[in-house]
Amino acid sequence: MRIEARLRDSARRFGDKCALIAGDTRLTYAELDASSDRLAASIARRGIKPGDRVLMVLDNGHEAVVSFFGLWKAGAVPCPLYPSIKAEKLSVILTSTQASAVVTHARQRATVDMAVAMTKMQPLTIVAQADAGEDLGHGLRFEDLVSGEVSVPRRDFEDTEALALLLHTSGSTGQPKGVMLTHANVGAACEAIVTYLGNTAEDVVLSVLPLSFGYGITQVVTMVMAGGTLVLEKSFAFPRKILERLAEVKATGFPLVPPMAALITGMKDLEPGFLPHLRTITSAAAAMPPALAERLQQLFPNIRLFLMYGQTECLRATYLPPEEVSRRPLSVGRAIPGTSAFVIDEDGRPALPGTIGELVVEGPHVMSGYWGNGLTSVRALSPVAGGRRLHTGDLFRADADGFLYFVSRRDDIIKTRGEKVSPQEVERALYALPGIREAAVGGIDDPIFGQVVRAYVVVEDGVTLTEREIIRHCARLLEDYMVPKSVEFRDALPRTTTGKIRLGADETNTVTRGNVA
Amino acid sequence: MAEAIENSVREFIAENFLFRADAQVSNNQSLLESGVIDSTGVLELIAFLEQTYGITVADEEIVPENLDSIDNMTSYLSTKLAAA
């Protein structure tokens, strides 16, 4: 079943039930179904065809959720991007995806216009929450597209092998990779998640996770499948507000990343059991330190804590059942239902327990490939019965019972705030600043964020650059989480015998223990 | 007093968060909603207030009503400093 069919199904079963709460907006299943129908009809009338890529530059609001379903209903492929993306990177993605449309918020419109101007393209621009008097040029108002009567007959799609998502993730080359997930992939991963979490129509899940990431998107799809209620919040900047909101909406589920757990467990005056409705906390995207897991269990004595591991390429790979957390606090568990995950040795054979090797994931949730890159797709992927095999590139070991433990990444991707940063992408931004002769970027261990991004630079003779100037320059080009938090000036950078810049262990601490995703 | 606080807060935000030349922020604008700061920005903001004014921002004071605009920060700081 395609993803939009799950919404139609839930709308039939739970029509008047609340599907989505975002700020002051509440949508029932019937309303979410109807608004996304209208969006689909409106964009189809304006030339968006099945298979067309549509970029979404939206923060966590009802417009993003309506857009996902509206695009699926039009047969289009949503490509959600981190909302603080800058114009240059956006123009690169516009060009590589040849997107037919961009859905954005009035606040990001200037960035989108700038990006479009850098290309030769003329995508349809759809702007949400524009002021009444604002001149949108050729742009369309999102609100106009989701209101009024639908004059185009509804067209249903059946093809579950069609693309459902094109998700951009940081690659070790510094170029973002477009992960292609089909409706079947997303459906398989989310069905497995609903099964092991035991989601039901009684669930109320509050999510602050960005909808440009797999972990954020699975919250939307799993709640729609279960007929539950999704509550979206824009960020975790004010943790206490989110804790109040969890109480107010009587949330039963709260997906988080370890930096959020660090902020919550760092608060002094929280009463254990202060959120009596909360049943489930999930954690993914980075290693959960066992001390934080223990503290969460104390603060929320009735919860089931799920530690999970995944990659954008398959959305979710493994989970550790709550009853195993105290016994194996460093494990990310075993394969999600209906899939397999195991460690292979250098010869490609299943590795013995305790032996370190690459984690391989197999199943119907594994992506169909990388956008526009046949070669990489072929190397990382191979067909197997019932799906595909993905070589994750992450080193793991298994214990005697088959529980998996993350050891390290093979590449030098930095994990900060649960998000992936490619050092090469940041270095490229640094080299774009006149006066920088050499640049290297590493991740430094941080008690809250896991790692923070640090830049090492050598400046040209006679050039004066301050740390602040360099950070400001990077902030003009990079999404906020990629911007270096500090800059160190050096006379020279360490090099390998082949002349490549190579940071030492002091300059970049790679995570070598615990569960990450 | 309030004016001095407002100026120093505004200067800190301009220096650390307003990277685009055309970016402007009015005194009552939500820094978070307008995308001026993000989650880590709030932590940087707190570190700045604690260092600059010698105050301790308690967990329960880390709320938008105190921190999410220049006006809110100015009145929060004024109250905090008057109580000290």
Inset, instruction - Could you work out the equivalent-ellipsoid semi-axes for segment A:198-257, taking the square root of 5 times each eigenvalue of the Cα gyration tensor, largest first, in whole Å? - result: 18, 15, 7
Inset, instruction - Would you mind pulling out the separation of the Cα centroids of segment A:83-122 and segment A:1-77, in Å? - result: 22
Inset, instruction - Decide, for segment A:141-300, between rounded, prolate and oblate: order the square roots of the alpha carbon gyration tensor eigenvalues as a ≥ b ≥ c, take rounded if a/c falls under 1.5, and otherwise choose prolate if a/b is larger than b/c, else oblate. - result: prolate
Legend entry - Relative contact order (%) - criterion: Cα under 8 Å, at least six apart; region: chain A: 12
Inset, instruction - Of the DSSP beta bridges with both residues in chain A, give the percent that are antiparallel, rounding to the nearest 5. - result: 60
Inset, instruction - Excluding residue A:101 itself, calculate the net charge of residues whose Cβ lies under 12 Å from the Cβ of residue A:101, where each Lys or Arg counts +1 and each Asp or Glu counts -1. - result: +2
Legend entry - Efficiency of FRET between residue A:269 and residue A:34 - r from beta-carbon atoms, R0 60 angstrom, step 0.05: 0.85
Inset, instruction - Show which aspartates and glutamates lie in cross-link reach of residue A:415 when reach means a straight Cα distance below 18 angstrom and same-chain residues fewer than eight apart are skipped. - result: A:313, A:394, A:425, A:427, A:445, A:446, A:479, A:480, A:506, A:507, B:38
Inset, instruction - Would you mind ranking A:405, A:82, A:319, B:53 by Cβ crowding within 10 Å, fewest neighbours first? - result: B:53, A:82, A:405, A:319
Legend entry - Dipole magnitude of chain A, debye to nearest 20 (Cβ charges: Lys/Arg +1, Asp/Glu -1, about Cα centre): 380
Legend entry - nm² value of the averaged projected area, convex hull over the Cα atoms of the protein assembly as shown: 28.4
Inset, instruction - Note down the nm distance, to one decimal, between modelled labels 7 Å out along Cα→Cβ at residue A:250 and at residue A:121. - result: 4.5
Inset, instruction - Find me the longest stretch of chain A that has none of the exposed trypsin sites (Lys or Arg not before Pro), where exposed means in a DSSP loop (not H, G, I, E or B) with at most 11 other Cβ atoms within 10 Å. - result: A:328-499
Legend entry - Förster-model FRET efficiency, 51 Å R0, residue A:352 and residue B:50, C-beta, rounded to 0.05: 0.45
Legend entry - Linear extension gain, residue A:485 paired with residue A:147, 0.36 nm per residue minus alpha-carbon span: 117.3 nm
Inset, instruction - Treat the count of other C-beta atoms within 10 Å as a stand-in for reagent exposure and order A:105, A:365 from fewest to most. - result: A:105, A:365
Legend entry - Estimated FRET transfer efficiency (residue A:464, residue A:138; beta-carbon r; R0 60 Å; 0.05): 0.85
Inset, instruction - Compare the Cα positions of A:493, A:51, A:193 along the charge dipole of the protein assembly as shown (+1 at Cβ of Lys, Arg; -1 at Cβ of Asp, Glu; about the Cα centre) and return the one farthest towards the positive end. - result: A:51
Legend entry - C-alpha center-to-center spacing [segment A:388-450, segment A:305-360] in angstrom: 19
Legend entry - residue A:294 paired with residue A:428, simple spin-label distance in nm, labels 7 Å along Cα-to-beta-carbon: 4.4
Inset, instruction - Could you list, in their original order, any pairs among A:120/A:177; A:86/A:250; A:241/A:420; A:17/A:234; A:250/B:80; A:17/A:241 whose Cα atoms are separated by more than 31 Å? - result: A:86/A:250; A:250/B:80
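We did not get these values from a lab; they are worked out from the coordinates using the rules stated. Quantities reported herein were computed from a predicted structural model and do not represent experimental measurements. We place every Cβ from the backbone using ideal geometry, glycine too, and count neighbours over all the protein chains shown.
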